[in-house]
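A short write-up of the structure that comes next.
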Amino acid sequence: QSIDLIENDCINAIKNPEKLRNLAEIYLKNESFHPHLAISLAEQASTLGDGESSYIIGLIYEHGLGVPENTPEAIVWYELASKRGSSNAIEKLKQYQHFGKVHGFDIGTGCSKTPVLGSGYDAAADSR
């Protein structure tokens with residue numbers, strides 16, 4: 001599918017987190033690389049409860065895709081994604097297990113985390 005068709009599809013179904021996530025993933029590919037659009041779309045999908053979208057945001061921060069690299073912020077998003085059943089996020093957090101604590105984030109305890117950056121994550125509402 002072309003990006004235009006997917007964008008139109010997303011506009012028509014803006015409350016569909018899977019379609020928003022699919023469009024975010026397209027914006028992370030080489031020929032259509034727009035990480036800020038990808039973050040925006042993934043945050044919308046995450047707000048609708050999509051764990052894989054939260055995982056995608058974690059990857060963006062972990063690898064510095066259009067944003068400064070920020071492991072603690074990535075971990076916040078991976079924690080949220082894992083709470084929503086993302087097996088990718090669970091595996092990613094297991095990779096961090098051997099670090100124990102990373103910048104004040106206790107990996108694997110399930111404790112609430114607060115973000116380092118103003119990414120729009122609302123720990124109190126935990127609505128993503």
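Filter the chymotrypsin sites (Phe, Trp or Tyr not before Pro) in segment 58-91 to those in DSSP coil with at most 12 other Cβ atoms within 10 Å of their Cβ, and list the result. Nothing satisfies the criteria.
If r is the Cβ-Cβ distance from Asn30 to Ser87 and R0 is 22 Å, what FRET efficiency results, to the nearest 0.05? Numbers along the way, then the final one.
Values: r = 26 Å, r/R0 = 1.17.
The value I calculate is 0.30.
Couplings for segment 28-34, taken from phi via the Karplus curve 6.51 cos²θ - 1.76 cosθ + 1.60 with θ = phi - 60°, read 9, 7, 3, 6, 10, 5, 9 Hz in order; Gly and Pro are left as x.
Keeping the other protein chains in place, figure out the carbon and sulfur percent of the accessible area of segment 30-93, with a 1.4 Å probe. Before the final figure, lay out each step's value.
Details: 1270 of 2510 Å².
With neighbouring chains kept in place, the figure for segment 30-93 is 51 percent.
Taken one residue at a time, the phi angles of segment 58-67 give Karplus couplings (6.51, -1.76, 1.60, θ = phi - 60°) of x, 4, 4, 6, 4, 9, x, 7, x, 9 Hz. Gly and Pro are set to x.
Under the rule a/c < 1.5 gives rounded, and otherwise a/b versus b/c splits prolate from oblate, where does segment 22-81 land using the Cα gyration tensor? Please report the intermediate quantities before stating the final value.
On the way: a/c = 2.24, a/b = 1.14, b/c = 1.97.
Oblate is the answer for segment 22-81, as a/c is 1.5 or above yet b/c matches or exceeds a/b.
The values are calculated or read from the model by the stated rules, or taken from the named source; none is laboratory data. The model shown is predicted, which means the values in this text are computed figures rather than measured ones. Every residue, glycine among them, receives a Cβ derived from its backbone with ideal geometry; neighbour counts consider all protein chains shown. Side chains are part of the model used for accessible areas, which takes the heavy atoms of the whole protein and leaves out ligands, DNA and RNA. Shrake-Rupley method; radii C 1.70, N 1.55, O 1.52, S 1.80 Å.
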